[in-house]
Amino acid sequence: MQPFPFRLLPDSAEVVAGRLQIGGCDLLDLAAELGTPLFVYDEEQLRARCREAVAVFGDGVAYATKAFLCAAMARLAHEEGMCLDVATGGEMHVALHAGVPADRLVLHGNNKSMAELRMAVESGVGRIVVDSFDELDRLDVLAAETGRAPKVLLRLTPGVKAETHDYIATGHDDSKFGFTVSTGAAAAAIQRARTSDAVDLVGVHAHIGSQVFVVSSFAKAAAVIAEVAAPYDLPEMSVGGGLGVPYVADERAPSITEWGTAVLDACAAAGVTATVSAEPGRSIAAAAAVTLYEVGTIKRLPGIRTYVSVDGGMSDNPRPVLYGSGYEAFLPRAVEADRDDTVTIVGKHCESGDVLVRDAAVPSDLAVGDILGTAVTGAYGHSMGSNYNKVPRPPVVFAAHGDARLVVRRETFDDLTRLDV
């Protein structure tokens, strides 16, 4: 089989003396120093993708923090000119803790609590994306308490079924998110918000799902919400995020620039005069990182399968068990070698479904003790991770210019009991 597809590695990846480096840092050295599992991000790639998004959509574009968030990532996105899309009080707290000004935050969520809304209103978040009539009721109460009317967008459900996994499709009518256009709820919500003293309605929003490769799906959604909002001459419109990224050798995806250009062209064709923004997350973070593991056990079942067990698994990357997501594996010591063996890479958890790569192509000399990597793990790995089986969460490093700075430390066993009372 062919060597590992190098295009799936971060931008700064290079082979030096036969060993893979990212951000000028040797991956085997990082694994030896910091242990495994370990998330390694190409910091300059993160910055470049943020700048690309701002160049296309302007400074109203928001990084979707659910993809990957820590204080360092929040500061990085802010430094590069992005707003931050936060979906819970916890994400809002991390962003504020990192020093991001409240007016650069956009609060999402289909079931915001009164406490979360109060936190947003009192801190002065830039925008609240309202998702339900119950939320409008809560904002009425808060306005009476605080005398403040926050700027809001209404999340509309355009009835566009994105070509993605059902669990991450959000724009079709049968969805927990938003005000549905086809039922008349969207028009009713706009009318209510326009006449309310509790909110300042500045625009509309739509999000059709995640890991979407077909740009025409975004164009369709933009056309639908543009038509609904047209009579009200609202100044802002967000098309959300969801741009897909390639995880395996045979996948291709548009760049942020290609996606943004197509969306903006569709909005222009629909007669949109509002300022159009977006919320990329996966396309900023996913391809910027790799995860490193140590191989602990190899079980060869003749005529059946070879299992390669590593020291992480579904606790640091639940996407394969949740969505059947595919990944490619590589050996940092031999990333250019032919991958002439097929194995199944599994984790250490008490589940048969704890599979990281179902049919991984690897060099035939893969051995116990090897450091093995999976690529394109910068989004929805660390952020969706867990302590299942009481496994401590891995650390995160940002690598750039030969320096790897620790931005999230590895959890300890003591961390696992810290909240017990």
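Every number here is computed from the coordinates shown, using simple stated rules; none is lab data. Source: prediction; values computed, not measured. Using ideal geometry, Cβ is built from the backbone for each residue, glycine included, and neighbour counts are taken over all protein chains shown.
Work from the charge dipole of the chain (Cβ charges, +1 for Lys and Arg, -1 for Asp and Glu, about the Cα centre) and give the residue of P5, A400, M82 farthest towards its positive end.
M82
Is there a quick way to get the dipole size of region 43-284? I mean about its Cα centre, with the Cβ of Lys and Arg at +1 and of Asp and Glu at -1; what is the value in debye to the nearest 20?
Working: 20 positive and 31 negative charges, 19 e Å.
That gives region 43-284 a dipole magnitude of about 100 debye.
Residue farthest toward the positive end of the dipole of the chain, with Cβ of Lys/Arg at +1 and Asp/Glu at -1: which of S182, H93, L38?
Ranked along the dipole, the leading option is S182.
Output ³J(HN,Hα) for region 413-418: one whole-Hz value per residue in order, computed from phi by the Karplus curve 6.51 cos²θ - 1.76 cosθ + 1.60 with θ = phi - 60°, and x for Gly and Pro.
For region 413-418, the Karplus-derived couplings read 4, 5, 4, 5, 10, 4 Hz, x marking Gly and Pro.
Between rounded, prolate and oblate, where does region 19-90 land on the alpha carbon gyration tensor, with a ≥ b ≥ c its root eigenvalues, rounded for a/c under 1.5, else prolate if a/b exceeds b/c? Intermediate values should be presented prior to the final figure.
Values: a/c = 3.58, a/b = 1.74, b/c = 2.05.
In terms of gyration-tensor shape, oblate.
Report, in whole Å, the centroid distance computed from the Cα atoms of region 235-254 and region 328-364.
The distance from the Cα centre of region 235-254 to that of region 328-364 comes to 26 Å.
Excluding residues fewer than 8 places away in the same chain, name every one of the lysines whose C-alpha is closer than 19 Å to that of K66.
Here the lysines satisfying the reach criterion relative to K66 are K112, K176.
Modelling each spin label as a point 7 Å along the Cα-to-Cβ direction, I'd like the Y323/R418 distance in nm, to one decimal.
Each label point lies 7 Å from its Cα, and together they span 2.9 nm.
So what J values fall out for region 9-15 if you push phi through Karplus, 6.51 cos²θ - 1.76 cosθ + 1.60 with θ = phi - 60°, rounded to Hz, Gly and Pro as x?
Rounded to whole hertz, the list is 7, x, 4, 7, 4, 8, 9.
Relative contact order of region 43-284: what whole-number percent is it, with Cα pairs under 8 angstrom and at least 6 residues apart? If you can, show how the numbers build up before the last one.
Values: 505 pairs, mean separation 46.5, N = 242.
19 percent.
Using packing as a proxy for protection, rank 318-331, 249-262 so that the peptide with the highest average count of other Cβ atoms within 10 Å comes first.
Working: 318-331: 19.6, 249-262: 16.1.
Listed from highest to lowest mean packing, they are 318-331, 249-262.
Choose one answer from A143, A287, A269: the residue with the largest mean-square fluctuation in a GNM of the chain with alpha-carbon springs under 10 Å.
Comparing A143, A287, A269 in the GNM, the peak value goes to A269.
Please find, in a Gaussian network model of the chain (springs between Cα atoms separated by less than 10 Å), the residue of H205, H401, H108 whose mean-square fluctuation is greatest.
Answer for the Gaussian network model of the chain: H401.
About the Cα centre, and with charges only on the beta carbon of Lys, Arg (+1) and Asp, Glu (-1), how big is the dipole of the chain? Nearest 20 debye, please. Working shown, then result.
On the way: 36 positive and 55 negative charges, 87 e Å.
Computed charge dipole of the chain: roughly 420 debye.
Distance in nm between label sites at S386 and S255, each 7 Å beyond Cα in the beta-carbon direction?
Between S386 and S255, the simple spin-label model gives 3.9 nm.
Taking a ≥ b ≥ c as the square roots of the eigenvalues of the Cα gyration tensor of region 43-284, is the shape rounded (a/c under 1.5), prolate (a/b larger than b/c) or oblate? Working shown, then result.
On the way: a/c = 1.67, a/b = 1.16, b/c = 1.44.
Judged from the Cα gyration tensor, region 43-284 comes out oblate (a/c at least 1.5, b/c at or above a/b).
Dipole of region 284-394, Cα-centred, from +1 at each Lys and Arg C-beta and -1 at each Asp and Glu C-beta, to the nearest 20 debye? All intermediate terms of the calculation are to be shown ahead of the outcome.
Numbers: 10 positive and 13 negative charges, 79 e Å.
Dipole size: approximately 380 debye.
Each residue of region 78-95 in order: what ³J(HN,Hα) in whole Hz does its phi give by Karplus 6.51 cos²θ - 1.76 cosθ + 1.60, θ = phi - 60°, with x for Gly and Pro?
Karplus-based 3J(HN,Hα) across region 78-95 equals 5, 4, 8, x, 8, 6, 10, 8, 10, 10, 8, x, x, 5, 4, 4, 4, 5 Hz.
Kindly work out what percent of the DSSP beta bridges joining two residues of the chain are antiparallel, to the nearest 5. All intermediate terms of the calculation are to be shown ahead of the outcome.
On the way: 33 of 65 bridges.
For the chain, the DSSP antiparallel bridge percentage is about 50.
Mind ranking 36-44, 292-300 by how tightly packed they are, going by the mean number of other C-beta atoms within 10 angstrom, highest first? Before the final figure, lay out each step's value.
On the way: 36-44: 24.8, 292-300: 17.2.
So the peptides 36-44, 292-300, ranked by packing, come out 36-44, 292-300.
Looking at the square roots a ≥ b ≥ c of the eigenvalues of the Cα gyration tensor of region 283-356, which shape do they give, rounded for a/c under 1.5, prolate if a/b is larger than b/c, or oblate?
Values: a/c = 1.73, a/b = 1.14, b/c = 1.52.
Oblate shape, in that a/c is at least 1.5 and b/c is the bigger or equal ratio.
Amide H neighbours of R339 under 5 Å, at least 5 residues apart or on other chains, H built in the peptide plane: list them.
Amide H to amide H, under 5 Å and 5 or more residues apart or across chains, R339 pairs with Q2.
Under the definition of Cα pairs under 8 Å and six or more residues apart, what whole-number percent is the relative contact order of the chain?
Relative contact order, the chain: 21 percent.
Just going by the charge dipole of the chain, with Lys and Arg at +1 and Asp and Glu at -1 on Cβ, which of V56, S364, N389 is farthest out on the positive end?
N389
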